[in-house]
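Reading through the structure tokens given below for one structure.
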Amino acid sequence: MKTIYLISASNTLKNAYNILDNTEYEPKYEILSCSGEQLASSLSYKSIFKDLDKIYSSSYISALQTTKYIARNNNMKINVTSSLDEHIRGHLGSLTLKEAMEQELNDFDFKLRYGESLNETKQRLTDFLKKVLVEKDEKVALVSHNNAIFCLLLNWCELGYNYEQEPILSFNNEIIHDGIINNPEVFELKFDDNKNIISIKTIESTKDN
């Protein structure tokens, strides 16, 4: 059996929902806020991260800053890969961010100029996960980002919406993502020896596990 921990990068200095309308802005270089650093540090001491075999991080600064604490506590090197980078939304043009997000959720093949579709993001992360699953490591952490992780989880989860029409994800009739973003978020995925998913659950970042 193999255990994969999907971890979203901690809180960044700016609120992405307020700045992504600026198409010249490159979120890849945004750093964590002071609270984001504190949350990432606290997260790294959770017992579930003891005895990790390997840890991967997206190439985004916020992901690396989140990963460094877990790597330090396990005396491990960080394996950096762009395969775990955030979903590239692209240039909004005349659309608002909300309109672009709605179109993406209505059509997973929709993409903006210089961006990628949700299906392309899903395939990128799925291809990487398949490589991880064939390695001998049994306990692996993957530090990525909210939208990218959302796309990956669509492989096994059912998509629904809450009362605010925010997307929610459920697995085996249990909600694992309720539409509310709480960075950093942690999802524990267990796979059998045939690489089939056994379970998915949310790990509360503020409680010890």
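Read-outs: derived from the displayed coordinates by stated rules, not from any lab. None of the values given here were measured: they were computed from a predicted structure. Heads up, the Cβs are rebuilt from the backbone with ideal geometry, glycines too, and the neighbour counts pull from every protein chain shown.
In whole Å, how far is the Cα centre of the stretch 30-83 from that of the stretch 125-175?
Cα centroid to Cα centroid, the span is 18 Å.
Taking the number of other C-beta atoms within 10 Å as the exposure measure, put 78, 175, 70 in order starting with the fewest.
Fewest-to-most Cβ neighbours within 10 Å comes out as 175, 78, 70.
Picking from 118, 176, 142, whose Cα lies most toward the positive end of the charge dipole for the stretch 102-176 (charges on Cβ: Lys, Arg +1; Asp, Glu -1)?
After comparing all options, I get 142.
Write down the percent of antiparallel bridges among all DSSP beta bridges whose residues are both part of the stretch 2-203, to the nearest 5.
65 percent
Hey, what number do you get for the chain at 222 nm if only DSSP H runs of n ≥ 4 count, each worth -39500 (n - 2.57), divided across all residues, to the nearest 500?
Here the helix-only value at 222 nm equals -8500 deg cm²/dmol.
Give, as a single signed number, the net charge of other residues whose beta carbon lies under 9 Å from the beta carbon of residue 189, with Lys and Arg counted +1 and Asp and Glu -1.
Its environment carries a net charge of +2.
Taking θ = phi - 60°, what integer Hz values does the Karplus form 6.51 cos²θ - 1.76 cosθ + 1.60 yield along the stretch 141-156, in sequence order, with x for Gly and Pro?
Once rounded to whole Hz, the list reads 10, 10, 9, 9, 9, 3, 5, 5, 5, 4, 4, 5, 5, 5, 4, 10.
Calculate how steeply helix 34-43 sits against the longest principal axis of the alpha-carbon atoms of the chain, using the helix alpha-carbon long axis, and give the answer as 0 to 90 degrees to the nearest 10.
On a 0 to 90 degree scale, this one is about 40.
Could you work out how far helix 118-133 tilts from the main Cα principal axis of the chain, as a 0 to 90 degree angle to the nearest 10?
10 degrees
Helix 97-106 versus the longest principal axis of the chain: what is the Cα-based angle in degrees, 0 to 90, to the nearest 10?
70 degrees
What distance in nm separates the simple spin-label points at residue 182 and residue 73, each placed 7 Å from Cα in the Cβ direction?
1.7 nm
Pairs 2/98; 111/136; 54/201; 54/111; 28/190: which exceed 31 Å Cα-Cα?
Pairs exceeding the cut-off: 2/98; 111/136; 54/111.
Of 62, 75, 40, which is farthest towards the positive pole of the stretch 20-100's charge dipole, taken about the Cα centre with +1 and -1 on the beta-carbons of Lys, Arg and Asp, Glu respectively?
The Cα lying farthest towards the positive end belongs to 75.
Residue 106 to residue 1: extension gain in nm, 0.36 nm per residue of separation minus the Cα-Cα distance?
34.3 nm is the gain from fully extending residue 106 to residue 1.
Please list the non-local residues whose amide H lies under 5 Å from the amide H of residue 139, H modeled 1.01 Å from N, same-chain partners needing a gap of 5 or more.
For residue 139, the qualifying residues are 3, 53, 54.
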